[in-house]
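Asks: Have a look at this one before I ask anything.
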Amino acid sequence: MTDSVRDLLQRNLTQLTQRVQQACLRAARASDEVTIVAVTKSVPLDVIKILYELGCREFGESRPQQLQLRSAACPPDVHWHLIGHLQRNKAAPMCRLAQWIHSVDSWRLMERLATLIPSEAPSPRILLEVNVSGETTKQGFAPDDLRNNWQRLLTPSWPVPCGLMTMAPLSESPEAARPTFHELRLLRDELQQLSQGKLSLPHLSMGMSGDFEVAVEEGATLIRIGSLLFEGLPSA
Ligand SMILES: *Cc1c(COP(=O)(O)O)cnc(C)c1O
């Protein structure tokens, strides 16, 4: 049983890596510019452990509580990425346990993080989640909110974001995601300009199982992959 799960995960991982490499080639990018975050929210801990043995070190969870439990059960060299909504009252443990928080989606959460992250200690890397498509069901900053209030982030005592994250609207067609990803990149460039060298935004977290190739072509540095990696698993 475990052997066949391992073989399946190895195969899925190899195929995924090859597809990322091909997308990088099309976009004239180096494939080491793109990090695959294995989104493990839908699989049991055993599957995470097999992925670890296969060499994966970047794991994403959408629920803070689950990230907390799983990070306690995994080797310390795993990098945990929180990719789902973070309530302010759960922010303290996440600052200790997560290496990345992709989902900082409000000024209030940013203010809370500012009280938790001492500037000199190791602390999570922060991405600002942007609701590019403007869907009312989505979390995230409106692009204009970031543009108009960007100066707030240049306050010395605030945590420094290192990029932006978004989710494309649900669609059957990967191409439908392209305008969202393209806009996130343009917004990043614009905010980078507004920062006057005080901070830098190298990272774009965008692309999931259905649209990661388009995201890589549009400049993603982190892709968040769940279902594709676990295709064929009995539990997934
Ligand atoms: C679940 C999830 C993913 C992974 O989605 P798949 O389509 O399963 O690859 C990526 N990002 C976020 C924010 C998620 O919640």
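The values are calculated or read from the model by the stated rules, or taken from the named source; none is laboratory data. Not measured: the values here are computed from a predicted model. So basically every Cβ, Gly included, is an ideal-geometry build from the backbone, and we count neighbours across all protein chains shown.
Asks: Identify all residues within the stretch 101-144 that are in contact (Cβ under 8 Å) with a residue 60 or more places away in the chain and either over 23 Å from residue 221 (Cα atoms) or touching a Phe, Trp or Tyr at 6+ places or on another chain (Cβ under 6 Å) (or both); write none if there are none.
Replies: Once the filter is applied, which keeps residues that are in contact (Cβ under 8 Å) with a residue 60 or more places away in the chain and either over 23 Å from residue 221 (Cα atoms) or touching a Phe, Trp or Tyr at 6+ places or on another chain (Cβ under 6 Å) (or both), the stretch 101-144 yields only 125.
Asks: For residue 147, are the conditions met, namely being over 14 Å from residue 107 (Cβ atoms), modelled with pLDDT of 95 or more and among the basic types (Lys, Arg)?
Replies: Values: over 14 Å from residue 107 (Cβ atoms): no; modelled with pLDDT of 95 or more: yes; among the basic types (Lys, Arg): yes.
Taking the combined requirement at face value, the residue does not satisfy it.
Asks: Considering every residue within the stretch 40-52, establish whether at least one is surrounded by 18 or more Cβ atoms within 10 Å (Cβ to Cβ), under 23 Å from residue 139 (Cβ atoms) and touching a residue at least 12 places away in the same chain (Cβ under 8 Å).
Replies: Yes.
Asks: Scan the stretch 6-30 for residues that are in contact with a helix residue (DSSP H, G or I) (Cβ under 6 Å, 6 or more places away or on another chain) and under 17 Å from residue 49 (Cα atoms) and report the count.
Replies: Residues flagged as in contact with a helix residue (DSSP H, G or I) (Cβ under 6 Å, 6 or more places away or on another chain) and under 17 Å from residue 49 (Cα atoms) within the stretch 6-30 amount to 2.
Asks: Strands (runs of 3 or more DSSP E) wholly in the stretch 145-236 with at least 2 residues that are more than 16 Å from the ligand (Cβ to nearest atom) and in contact (Cβ under 8 Å) with a residue 12 or more places away in the chain - which ones?
Replies: Answer list for the stretch 145-236: 161-165.
Asks: What number of residues within the stretch 161-209 satisfy the criterion of being buried (at least 16 other Cβ atoms within 10 Å of the Cβ) and either within 16 Å of the chain's Cα centre (by Cα) or closer than 20 Å to residue 139 by Cβ (or both)?
Replies: Residues that pass the stated criteria total 25.
Asks: Using the structure shown, decide if residue 113 is of a type outside the set (Val, Ile, Thr) and in a strand (DSSP E or B).
Replies: Values: of a type outside the set (Val, Ile, Thr): yes; in a strand (DSSP E or B): no.
Against the criterion (of a type outside the set (Val, Ile, Thr) and in a strand (DSSP E or B)), residue 113 does not qualify.
Yes/no per residue for (1) touching a Cys at 6+ places or on another chain (Cβ under 9 Å); (2) farther than 22 Å from residue 108 by Cβ:
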residue: 123; (1), (2): yes, no
residue: 158; (1), (2): no, no
residue: 192; (1), (2): no, yes
residue: 197; (1), (2): no, yes
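Asks: Among residues belonging to the stretch 46-76 that are touching a Lys or Arg at 6+ places or on another chain (Cβ under 6 Å) and of a type outside the set (D, E, K, R), point out the one that is farthest from residue 220 (Cα to Cα).
Replies: The initial filter retains those residues of the stretch 46-76 that are touching a Lys or Arg at 6+ places or on another chain (Cβ under 6 Å), namely 50, 60-62, 64.
Checking the rest, the ones that are also of a type outside the set (D, E, K, R) come to 50, 60, 62, 64.
On the way: 50: 26, 60: 16, 62: 19, 64: 24 Å.
The extreme case among them is 50.
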